[in-house]
Amino acid sequence: VLFILFFYSTCVSADCIWYGIGDHSDPMHPHYTSYEGPGRPLNDADAYQVLSKTCPTYALGPDTPLCCDKDQLNFFHESAKPAYELFRRCPSCWANFRMLLCAMTCDPNQAEFLTPTMVVGKLVFSVQYNLTTSFADSFFNSCKDVQFAGGHAIDTVCSSTSCTTEILLKGISDQGPFPVDFQLSPETDLVTSGNDGSGIIKRPFNGLAYGCNESVPRRHLDAGGPACSCLDCESSCIPPPIPPTPAPWPKIFGLDAWWVGAFFAFVAVVLAFGTFEIATRIYCAVAYRVPSPVGRAATGGDGLSSQETFDDDTRLQPKRRLNCLARLQAKLDNILSRGFYFLGRSVARHPYVTLIGCVIVSAVLCAGCALFTVTTNPVELWSGEQSRARVEKDYFDTHFAPFYRTEQLIIRPRNQSGFWHHALYPASGDALYGPALKREFLDQVLELQSRIRNLSAYSSAFHKYITLDDICFKPLAPNNLECAITSPLEYFQSDPFVLNQTLIEWDEVVADYIDHLLFCANSPTSIGGSYPNKSTSCLASSGMPILPNVVFGGFNGTRYDQSTSVVLTFLVNNDADPNSELVRKAEVWEAEYLRVVKAWVEHNKDWVSVSYQAERSVEDEINRQSEADVFTVSISYLVMFVYVSIFLASYRSCRTVFVDLRVTLGLGGVLIVVVSVVASVGVWSFAGTPATLIIIEVIPFLVLAVGVDNIFILVHDFEFDEKDADKLLRLEARRLTSAHLRVPVSDDQRSLQSDIVPTIKGLVEARIARTLGRVGPSLLLTSATESVAFFCGSLTSIPAVKVFALYAGVSIVLNFLLQIFAFVALLTLDARRHAAQRFDVFCCFGLRQSPAAHVTDFVSADSEQTTAEQQPAPEGDSLSLSSNAWDDVQLSAPAETNKLTSAPHPSTPWLHQVIARCLTPFVLSGWVRPIIVVIGMGWACFAIAIVPHGLHLGLDQRLSMPTDSYMLDYFNTLATELRVGPPLYFVVTEGHVYNETAGQNQVCGTVGCPQHSLMGQVSDASKIPSYTWIAQPAMSWIDDYLDWIDPEGSPGCCRVYVNGSGFCPDDAPSSVCTTCNVTLVDGRPNSEDFTHYLGRFLDQNPGVQCPKGGRAAYHSAVQLHPQNSIGATYFMTYHSVLSKPDDFLDGLRGARRLADQINQVWRNGSSHTKTSTVLAPDSVYAYR
């Protein structure tokens, strides 16, 4: 028995492997002194107090033997502070982490599971730590979901987003003062061989591990804590509602319901139409018929002739069709015709007065262009002032600040092949890496980044050089004046010396830039770094963390090592006032930035591809396109002027070309269109409505098309007027003949010339009146329809569309008014010129002709018109004032006065003949009309069927850019390379009660916070990004503040000087500082303390002792009023990747849906949110 007891005590002796800190070890990385013997009691009250707080499991009394002394405990307590800040959100995670390290440091039986593997002198340099698999897995599972700085806390330790139990333990070892080789074993007892061949029993450590959904009891000075929140522990979550699956397209007989419905609708409409058409034909065949009124003509002096009421080629209609509506329509038509008839006669009688009046009115309206302003801001163009997006953005800009101006570059090496990297350090090792991680490539990127960082631009307005320091965002100012730049080179603080550092052992490179790069990519908030220089921080030179999915592109999942591109972003401060000094300085610098980048890209285009943009790029490119459109508009108007001038005229012969030309009339018509557009701009400039560039690009073409149509309608109707004009002309010719044939020739010429001029004026006046009487109602109705349609479009809330509709509507109205006044006056003067046989443009000159030629031709023409007076002549076959009135006049020399000759009648224009003789009879034939109607209905049904599948909302911003714009390449690269969407802000409006526990529970996500809080719901939404378009949980200032202010936590955060002179900075020694005097109620600070210390939290920079200082991340996220009362606040997260216009709209809908859901929960909850709501104002993408 004694032998057995002796053997057992030998094999399981509870000895230590170390005790105390070596005298000659590094103070920053001390090593413990090797010691083989039993544990010793602390015998120190202060040390025991530290033990009770740090390792309460081993605080069993002052006489408890331990394998650690006071110095070890103090060192362990200080070195555990960063880990406490990482894991404190989840008490069970922190308790398990603490248990793991407390057992290794102080457990009196540590020899059972610890084995020194390297002892130099009396110092232990490395150990082997045996753990049971169950404890290690429980530890990992309790910590895997804990949030920190918008990511997972263990990512900082693991240096990998694909963290496992083994990787977590390896990370703890790498970041400790000495290497620890963690060995996992499923057995509780492990027998190994001793150096002397005797068997030594090793028992892997299997301490008590808490699940993250379990509470930690209070022990001694350790407060313990409740179960972790849902945000930090998936096991604590109630399963969120399953998102609704998209409803499948409805099917009928296995076919798409829209197609089936469109088909049956088409069949039904065709059958109904066919039945109606057949019934109508049968009814009309047996019904009484009466002629229908379709024509109008003027009376000889003051109105329309009753003979013009019916056309000779009338259609027969049933009597009953002449109902009240038809009679009312005819009456209105008659009133309009008479009104335009008298208007035309008045204008034709006083053309010069009319033109002068039009010029004066137009000049007054165009004078408003002096007040012309243009809106180019996308926000003001596409979001109405009362729209939800605009209201939320204005609220955000007012209470915080506008979103940063971003200058961004996406850089890709031309050679997209990966490369093998050889290193010994496990973080890199021998592996194939993406082309974006090549050293040569990163060196060139750093060179470009440095060039941009240091460039300056001279501003003549400010008489100084503008640098990036003058305009950039500085997150830690005034303590740190470095600009915020997101770049993978910022993992090295953009220092080429740090980038090129290597760790060499045994003449081999065991670690280099890739080790540090990948470590920081997986631990972006780490204050310390990794090999080759562990003192190099992962934070940027500005003090802000660099998120890997923001600075790398082209990778899959979280494989940052496979990146194909890098993304550089320079954040520049913004201002809501586009004319502010800050914005104007930024625009000056951005212009130089674009010039420098363009030159650099051109010089290096053979080996690198760069897609870049500045905040001003979109507006610049739109302005450039608009300036180019001015040239296009000018060319279009010039071409249309030539076209109108040539094709308005009807040419009789080569000799009369200069008489038949209508250059002046065409120029006047085009100028009327221009004046109507400019006058519309002037009208709305007087009204204070700013224009948009769309007006310059679209409205000139729109009004030109409408105006030219009206010009041709007026002129062609005037040309082909054949009724009373010829008869009156011949009667006048007879009167002149009888009165002047008996006088001498010289007197006859003068008298005939003086009498024929007023005759021409009278005939032109009557003909103009008839023309306007015929086409005026049509022009009025079409112009009114078009303008009313545009004015209805102005009812929209989209400013760009509204302004376009207003300007276009007024342009159409002014164009119509100028055409019925100014153009009719010009047409009158042109008709007089043409009748007098004078040249166009050079109207002082004309064709030489004898009066006898006029007289004899009139007589000859009258003799040929015997039958024509009884029935209308074919169009274009009678005398006409503009192109046909004098067509039959013989142009002869004086010697040919007595010859009675007549010119041949001009033929009708070929297009008119084709339409009148071919197209119109074909279209109006008995069978073609129904076929055309059926085809139209079929096309309409087809369009309705494809609308649900083919119509997509949203505007692809690439469509607004010129085809040669560098922004097109940027937009395309943005969609293919970036792996994160734009930032998303959930704003809690002013009025929320944060300083009470109930109000805190509605927004927080840390321990003790319910799952239905704001942070909890955003976290749940991030788990289903395909539905919500939210990529990750939000960054919560209140969670970090509750950790920062906790007096039972790390003393490195909320601290004040012992002498009461103020708050201690992060790097102040503990000897002169003490923890803030905070009173906790149920683990939360009371109302007064919460409000009192919040300002200090938002002003404190993060540091090694306290990484949760809020200045870098939250300084602008909380609006503080005097006496530290809290106004509006925001919680930021990111969208998942948005590449198509549909994605952006879906992302906006998802954010709003979540905000509305949170508001609904708050309304159904307590009374702490009566005056506050949650908004979801997305970042700039919603307004660009």
- Condition test on Tyr1093, is it in contact with a Leu (Cβ under 7 Å, 6 or more places away or on another chain) and assigned to a helix (DSSP H, G or I)? no
- Task: Scan (1) surrounded by 16 or more Cβ atoms within 10 Å (Cβ to Cβ); (2) among the aromatic types (Phe, Trp, Tyr); (3) out of contact with any helix residue (DSSP H, G or I) (no Cβ under 6 Å at 6 or more places or on another chain) for the single condition Trp249 breaks and write down its number.
- Result: (1)
- Message: Cβ contacts < 6 Å: first residue under 24 Å from Pro1122 (Cβ atoms), restricted to segment 1091-1108; second residue of a type in the set (Ser, Thr, Tyr) and surrounded by fewer than 22 Cβ atoms within 10 Å (Cβ to Cβ), any location; separation 6+ or different chain. Result?
- Response: none
- Query: Quick check: is even one residue across segment 600-607 over 30 Å from Phe396 (Cβ atoms), touching a residue at least 24 places away in the same chain (Cβ under 8 Å), among the aromatic types (Phe, Trp, Tyr) and out of contact with any helix residue (DSSP H, G or I) (no Cβ under 7 Å at 6 or more places or on another chain)?
  - Reply: yes
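Right, Val353: surrounded by fewer than 17 Cβ atoms within 10 Å (Cβ to Cβ), touching an Asp or Glu at 6+ places or on another chain (Cβ under 6 Å) and either under 30 Å from Ala822 (Cα atoms) or modelled with pLDDT of 90 or more (or both) or not? Quick ask: steps written out before the conclusion?
Numbers: surrounded by fewer than 17 Cβ atoms within 10 Å (Cβ to Cβ): yes; touching an Asp or Glu at 6+ places or on another chain (Cβ under 6 Å): no; either under 30 Å from Ala822 (Cα atoms) or modelled with pLDDT of 90 or more (or both): yes.
For Val353, the condition - surrounded by fewer than 17 Cβ atoms within 10 Å (Cβ to Cβ), touching an Asp or Glu at 6+ places or on another chain (Cβ under 6 Å) and either under 30 Å from Ala822 (Cα atoms) or modelled with pLDDT of 90 or more (or both) - is not met.
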- Item | Failed criterion for Arg412 (all others in (1) over 20 Å from Leu499 (Cβ atoms); (2) crowded, with 18+ Cβ neighbours inside 10 Å hold) | (1)
- Which one of these does Ala103 not meet: (1) over 28 Å from Lys202 (Cβ atoms); (2) of a type in the set (A, V, I, L, M, F, W, C); (3) surrounded by 21 or more Cβ atoms within 10 Å (Cβ to Cβ)? (1)
- Message: Conditions first: (1) surrounded by fewer than 24 Cβ atoms within 10 Å (Cβ to Cβ); (2) under 30 Å from the mean Cα position of the chain (by Cα); (3) modelled with pLDDT of 90 or more. Glu490 passes all but one, so which condition is the exception?
- Response: (1)
- Item | 1 or more residues closer than 28 Å to Val675 by Cβ, over 28 Å from the mean Cα position of the chain (by Cα) and assigned by TED's automatic domain parsing to the domain that holds Phe718: qualifying helices (runs of 4 or more DSSP H) within segment 333-422 | 351-366
- Is there a residue in segment 974-983 that is buried (at least 24 other Cβ atoms within 10 Å of the Cβ), in contact with a helix residue (DSSP H, G or I) (Cβ under 6 Å, 6 or more places away or on another chain) and closer than 25 Å to Leu86 by Cβ? no
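Kindly indicate whether Val601 is over 29 Å from Ser1139 (Cα atoms) and buried (at least 18 other Cβ atoms within 10 Å of the Cβ). Steps first, answer last, please.
Details: over 29 Å from Ser1139 (Cα atoms): no; buried (at least 18 other Cβ atoms within 10 Å of the Cβ): yes.
Here the answer is no, as Val601 does not meet what is asked.
Within segment 621-641, is even one residue touching a Lys or Arg at 6+ places or on another chain (Cβ under 9 Å) and either farther than 30 Å from Phe845 by Cβ or at pLDDT 90 or above (or both)? Spell out how you get there, then give the answer.
Of the residues in segment 621-641, the ones touching a Lys or Arg at 6+ places or on another chain (Cβ under 9 Å) are none.
The answer is no; no qualifying residue exists.
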- Query: Failed condition for Ser676, given (1) out of contact with any Ser or Thr (no Cβ under 6 Å at 6 or more places or on another chain); (2) buried (at least 20 other Cβ atoms within 10 Å of the Cβ), with all others met?
  - Reply: (1)
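Suppose we filter Phe823, Phe804, Phe791, Phe842 for residues that are at pLDDT below 90 and touching a helix residue (DSSP H, G or I) at 6+ places or on another chain (Cβ under 9 Å); which single one remains? Even if it seems obvious, please write down each step before you answer.
Numbers: Phe823 fails: at pLDDT below 90; Phe804 fails: at pLDDT below 90; Phe791 fails: at pLDDT below 90.
After applying the criteria, what remains is Phe842.
Residues that are within 27 Å of Ile360 (Cα to Cα) and either out of contact with any strand residue (DSSP E or B) (no Cβ under 6 Å at 6 or more places or on another chain) or in contact (Cβ under 8 Å) with a residue 24 or more places away in the chain (or both): does segment 653-663 have at least one? I'd like the intermediate steps shown before the answer.
Of segment 653-663, the ones within 27 Å of Ile360 (Cα to Cα) are 662-663.
Add one more test, that the residue is either out of contact with any strand residue (DSSP E or B) (no Cβ under 6 Å at 6 or more places or on another chain) or in contact (Cβ under 8 Å) with a residue 24 or more places away in the chain (or both), and what stays is 662-663.
There is at least one residue in segment 653-663 that is within 27 Å of Ile360 (Cα to Cα) and either out of contact with any strand residue (DSSP E or B) (no Cβ under 6 Å at 6 or more places or on another chain) or in contact (Cβ under 8 Å) with a residue 24 or more places away in the chain (or both).
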- Residues satisfying the stated conditions in segment 143-164, i.e. surrounded by 20 or more Cβ atoms within 10 Å (Cβ to Cβ), at pLDDT 85 or above and closer than 24 Å to Leu114 by Cβ: Cys143, Ile154
- Checking Asp606 against (1) in the same structural domain as Leu568 (by TED's automatic domain parsing); (2) assigned to a helix (DSSP H, G or I), which single condition isn't satisfied? (2)
- Count of segment 556-580 residues which are modelled with pLDDT of 95 or more and under 19 Å from Thr376 (Cβ atoms): 1
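Please state which one of Asn1077, Asn1101, Asn1159 is outside any helix (DSSP H, G or I) and over 20 Å from Leu476 (Cα atoms).
Numbers: Asn1101 fails: over 20 Å from Leu476 (Cα atoms); Asn1159 fails: outside any helix (DSSP H, G or I).
Residue meeting the stated conditions: Asn1077.
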- Could you identify the single residue in Phe140, Phe113, Phe148 that is in the same structural domain as Cys230 (by TED's automatic domain parsing), under 28 Å from Gly61 (Cβ atoms) and either more than 53 Å from the chain's Cα centre (by Cα) or not β-branched (Val, Ile, Thr) (or both)? Phe113
- What do you reckon, is Phe113 touching a helix residue (DSSP H, G or I) at 6+ places or on another chain (Cβ under 9 Å), aromatic (Phe, Trp, Tyr) and within 24 Å of Val216 (Cα to Cα)? no
- Message: Can you confirm whether Tyr1057 is at negative phi, of a type in the set (Phe, Trp, Tyr) and crowded, with 17+ Cβ neighbours inside 10 Å?
- Response: no
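Every residue, every condition in (1) part of a loop (DSSP other than H, G, I, E, B); (2) β-branched (Val, Ile, Thr); (3) surrounded by 17 or more Cβ atoms within 10 Å (Cβ to Cβ), yes or no:
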site	(1), (2), (3)
Ser1019	no, no, yes
Ser1026	no, no, no
Gln1032	yes, no, yes
Ile1038	no, yes, yes
Pro1065	yes, no, no
- Item | Pair list, Cβ < 6 Å and 6+ apart or interchain, from segment 956-970 residues that are under 18 Å from Leu594 (Cβ atoms) to residues that are among the aliphatic types (A, V, I, L, M) and outside any helix (DSSP H, G or I) | Met967/Met961; Leu968/Met961
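The values are calculated or read from the model by the stated rules, or taken from the named source; none is laboratory data. If you're wondering where the values come from, they're calculated on a predicted model, not measured in any experiment. Neighbour counts are summed over all protein chains in view; Cβ atoms, including those assigned to glycine, are modelled from backbone coordinates with ideal geometry.
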